[in-house]
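Note sheet for the following structure.
The values are calculated or read from the model by the stated rules, or taken from the named source; none is laboratory data. Here the structure is a predicted model, which is why all the values come from computation and not from measurement. Neighbour counts are summed over all protein chains in view; Cβ atoms, including those assigned to glycine, are modelled from backbone coordinates with ideal geometry.
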Amino acid sequence: MRAKILLLFFVFSFTFRSDSSFDQDLGRHIKLGEIIVQTHQVPTTNLLSYTNPTFPFINTHWLFEVFVYFFSQNLQILLILKIIIFLFSVWLIFKIISKENRMLLLPIGFIFLHVLRERLELRPEIFSFLFTAGTYYILEKRTKYIYFLPFIQLVWINTHIYFFIGIMLQAIYLISKRTKLPAIILGLSIVISLINPNGLAGLLYPLNVSANYGYTIVENQTMFLLENIGFGDPNFLFVKLSIGIIILSLLFLVLKRKFEIKNILISLSGLGLALFNVRSFPYLVFLSLPAVLQNFGPIKKNGLTIVISIMFTTLLLLESLFYLNGSYYKYRDESKEVALEFTQSAKEAMDFVLSNNLLQPIFNNFDIGSYVIYRGYPKYKVFVDGRPEAYPKEFFLNTYIPDQYDYNKFKDLNKQIGFKTIIFSHTDQTPWGKAFLQNVVKDETWKTVYIDDFMIVLVKDAGKLPIIDLAKLNPSSYQFSSHVSYLRLGLFLLNNQYVESGREFIAKTLKLFPNDPIANSLIGQTPKNYFFW
C-alpha cells in the first residue's frame with residue numbers, strides 16, 4: 001500500500017500544474033461542442049475553415065467536445081477532473097497487480113510513470129486512459145462488470161480514436177482463455193461500436209486516419225525519428241528504460257520456461273504502441289506495467305529489495321518536490337506554473353484582433369488555428385487549424401507549406417485571396433514557419449501592429465493603429481511574470497536579425513533567472529551565431 005500511495009503522489013506532483021491545452025486543440029473542441037449542443041448534430045465537414053469548408057471530416061471525439069463545452073464556464077473544474085481521471089486510471093492499474101507481484105512496483109512503477117509526463121494536457125485521450133485501465137481491471141479481476149464492456153465501448157468510440165484498445169484487450173483475454181469472457185461480449189462490443197456518427201467508417205477509422213495526412217505533427221512520429229532530427233525530450237530516456245524492462249521481463253519468462261500468453265501480448269501491446277508514436281507513450285503504463293510485474297512473478301522481500309525501495313522512495317520524493325516547487329519548469333524553460341489554471345497564450349492577441357475588428361480574410365499558422373476558432377468563430381474563419389485530417393493533403397503539400405517556404409508563392413496566394421490580416425504564433429518551430437516570419441516582418445506592405453511572447457499580428461492597412469518597429473522593441477514595454485516570456489521574444493527577434501533588441505530581451509531573461517541555460521549560451525555569442533536558435 002505504501003508503494004501505491006507514493007506512486008500516486010508522484011503522479012499528482014507532475015499533473016498539478018498549469019495546462020496549455022488552449023495553445024493546441026482545446027478551444028476548437030469547446031467550440032465544436034457548442035455547435036453540437038446548439039444544432040443537435042455532429043458536423044461531418046470542416047465548417048470552421050474558409051479554405052476547405054466542405055471537406056468531409058470524421059469526428060471521433062465529439063462526446064469529449066460536448067463534455068468540455070458543458071464545463072467551459074468553469075474551466076478549473078475541468079482541470080480538477082483531469083487530475084482525478086489520471087489518478088483514478090493509475091490506481092486501477094495498481095489494483096490489477098496481485099500482492100505477490102508488488103515487490104518491484106515502486107522501482108519499476110517509478111520509471112514507467114515518467115512517460116505520463118508526455119501527455120498531461122486536457123485532451124480526449126484522457127478518457128482512453130480511463131477506459132483502458134477500466135477495461136483491463138474488469139477483465140483481469142473477472143468482475144460482474146464484464147457485461148458493461150459493450151457500454152464502455154459505446155462511450156469510448158464516441159470519445160477518442162483509441163477505442164480499438166478495448167476491443168484488442170477483450171480479444172487477448174478471449175484468446176488466452178484467462179477469464180470467462182463470453183465471445184458474445186466481444187461481438188456485442190464490436191457491433192455496438194457501429195453506433196457512432198459515421199457508422200462503419202467510424203469503426204474502421206483508426207486503420208486509415210493518416211491516409212489523408214499532408215502535415216506532419218510531432219505526436220504522431222516515433223521517438224527515434226524525432227531524435228534523428230534533433231528533437232530533445234526528457235521522456236525518451238524513460239521510454240527506453242521501460243522498453244528495456246519489458247524485454248527483460250520477457251527474457252525472464254524464457255528462463256523460467258513459464259509462458260502466459262495474455263501477459264506477453266499485453267506487455268508487447270504497450271511496447272508496440274509506444275514505438276509507433278509519441279502520443280502512445282502512456283500505454284506503457286496502462287497496458288505494459290501490470291503485465292511486466294506479472295512476468296517477473298513473485299519476488300521475496302530481502303535486504304536488496306529493501307535497499308532498492310529506500311533508494312527509489314528518496315528519488316521519488318525529491319523529484320516530486322522538484323515539480324511542486326516549480327523548479328523543474330523553470331530550468332526546462334517551460335512556461336508552466338504549479339497551479340490549477342489554463343494558459344491561453346494567444347488570449348491577448350485575439351483580444352486585440354476582436355477589439356479592433358481587424359479585417360478578413362486572415363492568414364494563420366497551423367498551431368494557432370484552433371484558438372482563433374475558439375475566440376473568433378463564426379465571425380472569423382481560419383485559413384488552417386490543427387486537424388490534418390480535416391483538410392485535403394494536397395492543401396498542405398501544395399499550398400500551406402510551400403507558400404511559407406517560398407515568399408513569392410505566398411505573394412501569389414495573397415493576390416488570389418487578398419489577405420487583410422496575419423495572425424501567427426511566432427513560436428512556430430517548423431522550417432517553413434520560420435522562413436515565412438523572416439520574410440513577412442521585412443515586407444513593408446505588412447505592418448506589425450501587435451506582438452507578445454507568443455503571437456504576432458500584421459495587417460495590410462494599419463489605419464489608426466500604431467505600427468510596431470521590431471528593431472526598437474524594448475522589454476520595458478512588457479510586464480511578463482516569467483523569464484520564459486522574455487526569452488521567447490528574444491529568440492524571435494534574434495532569429496529575425498533584430499540583434500540589438502533581441503539582446504535586450506535576453507539580458508532581461510538573465511536578470512529574472514541568471515541560471516537560464518539558453519540565455520547564458522546566447523548572451524556571449526556573436527550575432528552571426530544567434531540564428532542557430
Answer yes if at least one residue in the range 480-489 is within 26 Å of residue 401 (Cβ to Cβ), among the hydroxyl-bearing types (Ser, Thr, Tyr) and touching a helix residue (DSSP H, G or I) at 6+ places or on another chain (Cβ under 7 Å), and no otherwise.
no
How many of the residues making up the range 372-385 are surrounded by 24 or more Cβ atoms within 10 Å (Cβ to Cβ) and touching a Ser or Thr at 6+ places or on another chain (Cβ under 8 Å)?
4
In the range 392-406, is there at least one residue being more than 18 Å from residue 362 (Cα to Cα), of a type in the set (S, T, N, Q), surrounded by 15 or more Cβ atoms within 10 Å (Cβ to Cβ) and under 27 Å from the mean Cα position of the chain (by Cα)?
no
If you check 296, 322, which single one turns out to be in the same structural domain as residue 133 (by TED's automatic domain parsing), farther than 30 Å from residue 366 by Cβ and in contact with a Ser or Thr (Cβ under 7 Å, 6 or more places away or on another chain)?
296
Screening 113, 139 for residues that are within 17 Å of residue 267 (Cβ to Cβ), buried (at least 20 other Cβ atoms within 10 Å of the Cβ) and modelled with pLDDT under 95 leaves only 139
Tell me, yes or no, whether the range 185-203 has at least one residue that is in a helix (DSSP H, G or I) and either acidic (Asp, Glu) or touching an Asp or Glu at 6+ places or on another chain (Cβ under 8 Å) (or both).
no
Residue check: is residue 449 of a type in the set (Val, Ile, Thr), under 29 Å from residue 219 (Cα atoms) and over 26 Å from the mean Cα position of the chain (by Cα)?
no
Can you find a residue in the range 331-349 that is touching a Leu at 6+ places or on another chain (Cβ under 7 Å) and farther than 28 Å from residue 458 by Cα?
yes
What's the total number of residues in the range 482-502 that are farther than 23 Å from residue 331 by Cβ and not in a helix (DSSP H, G or I)?
3
Can you tell me which residue is farthest from residue 357 (Cα to Cα) among those in the range 411-434 that are exposed (fewer than 15 other Cβ atoms within 10 Å of the Cβ) and without any contact (Cβ under 8 Å) to a residue 40 or more places away in the chain?
431
Against the condition of a type outside the set (Lys, Arg) and closer than 16 Å to residue 260 by Cα, how does residue 169 come out, does it pass?
yes
